[in-house]
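**Q** Sharing a structure, written as structure tokens. Questions coming.
Bear in mind that the values in this text are calculations on the coordinates, not laboratory data. Note that the coordinates shown come from a computational prediction; the quantities given were computed from them, not determined experimentally. Reconstructed Cβ throughout: ideal geometry from the backbone, glycine too, with neighbour counts over all protein chains shown.
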Ligand SMILES: [Zn+2]
């Protein structure tokens, strides 16, 4: 795969949040804190360092405040979307990266660590209206779901279909709507294989999860020419 195509890897978007997790892991006898959000300095005196910050995957402009109002008002909450859409430097940087490389980007995969879902747009809509808004893209996602090989028990659809929750300001929604690039979030892993701190139970489990998730990625790669014909880049 690597020999036959061009891949861009962005290992971590929330680099400062990840650095805090790593630092406290080393400082506190290997305890993993629940730091989902970034390290935006606002509200730190109200929320504390761990609970302050913006949820980067609720900060994208499309359907920015589609979630329950309590999420949009709770500045210390897990899903706080920020003061305005695209306010965060991490999101601005990723948006610019995609804009700069959109001619070469034919598919975007956001890798997350819950299990066990293959999530596609539009996450800010319940029920999902992708059938009317972007039917060609739904054809692509359905084809992957039906014909590619996924780990046992994988679920498919938007966040409402796989998790029963509407997500506002989602990255995939924005990338598809803004650039016309098919974008998905893979919640990798197997249900029940992660502990409460989102960590693989051991290195063999991590390896199994990664190797089982390569199959559908290979399928996308093998079909990327066909996919590029179906999409309408913007
Ligand atoms: Zn996720």
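**Q** Evaluate the relative contact order of the chain (contact order divided by residue number), counting alpha-carbon pairs under 8 angstrom at least 6 apart; express in whole percent.
**A** Numbers: 390 pairs, mean separation 48.6, N = 234.
It comes to 21 percent, rounded to a whole number.
**Q** Still on this structure: Can you give the Rg and Dmax of segment 146-234 based on its C-alpha atoms, in angstrom?
**A** 15.1, 43
**Q** Using the Kirkwood formula over every pair of different C-alpha atoms, what hydrodynamic radius in Å results for segment 129-187? Mind showing how you got there, number by number?
**A** Details: mean 1/r = 0.0809 Å⁻¹.
Final number for the Kirkwood radius of segment 129-187 is 12.4 Å.
**Q** Okay, moving on. How large is Rg over Rh for the chain, taking Rg from the Cα atoms and Rh as the Kirkwood inverse mean of 1/r across Cα pairs?
**A** Details: Rg = 17.8 Å, Rh = 18.6 Å.
Radius of gyration over Kirkwood radius for the chain works out to 0.95.
**Q** Could you work out the Rg to Rh ratio of segment 97-137, with Rh taken as the Kirkwood radius (inverse of the mean 1/r over all Cα pairs)? Could you put the intermediate results ahead of the total?
**A** Numbers: Rg = 13.0 Å, Rh = 12.6 Å.
Ratio value, two decimals: 1.03.
**Q** So, one more: Could you tell me the center-to-center distance, by alpha carbons, between segment 46-60 and segment 119-141 in angstrom?
**A** Value for the Cα centre distance between the two parts: 27 Å.
**Q** Once both labels are modelled 7 Å past Cα along the beta-carbon direction, what's the residue 68-residue 99 spacing in nm?
**A** 3.5 nm
**Q** Largest first and in whole Å, what are the equivalent-ellipsoid semi-axes of segment 71-120 based on the Cα gyration tensor, each being the root of 5 times an eigenvalue? Don't skip to the answer; put the middle values down first.
**A** On the way: eigenvalues 121, 71, 11 Å².
One finds semi-axes of 25, 19, 8 Å for segment 71-120.
**Q** Something else now. Kirkwood Rh, segment 45-139, all Cα pairs: how many Å? Walk me through the numbers on the way to the answer.
**A** Working: mean 1/r = 0.0650 Å⁻¹.
So the Kirkwood estimate lands at 15.4 Å.
**Q** Highest mean first, what order results for 214-226, 108-120 on Cβ atoms within 10 Å? Walk me through the numbers before you get to the answer.
**A** Working: 214-226: 14.5, 108-120: 19.5.
With the highest mean Cβ count within 10 Å placed first, the list reads 108-120, 214-226.
**Q** Also, quick follow-up: Where Rh denotes the Kirkwood radius from the mean inverse Cα pair distance, what is Rg over Rh for segment 13-85?
**A** Working: Rg = 12.7 Å, Rh = 12.6 Å.
That ratio equals 1.01.
**Q** Please report Rg (one decimal) and Dmax (integer) in Å for the Cα set of segment 50-91.
**A** Cα radius of gyration and Dmax of segment 50-91 are 9.2, 27 Å respectively.
**Q** What FRET efficiency comes out for the pair residue 205/residue 142, r = Cβ-Cβ distance, R0 = 41 Å, nearest 0.05? Show your work: numbers first, answer last.
**A** Working: r = 30 Å, r/R0 = 0.72.
Efficiency computed from Cβ-Cβ geometry: 0.90.
**Q** Quick one: compute a quarter of the convex hull surface over the Cα atoms of segment 81-198 and quote it in nm². Don't skip to the end; give the middle numbers.
**A** Details: hull surface 33.0 nm².
With every direction weighted equally, the projected area is 8.3 nm².
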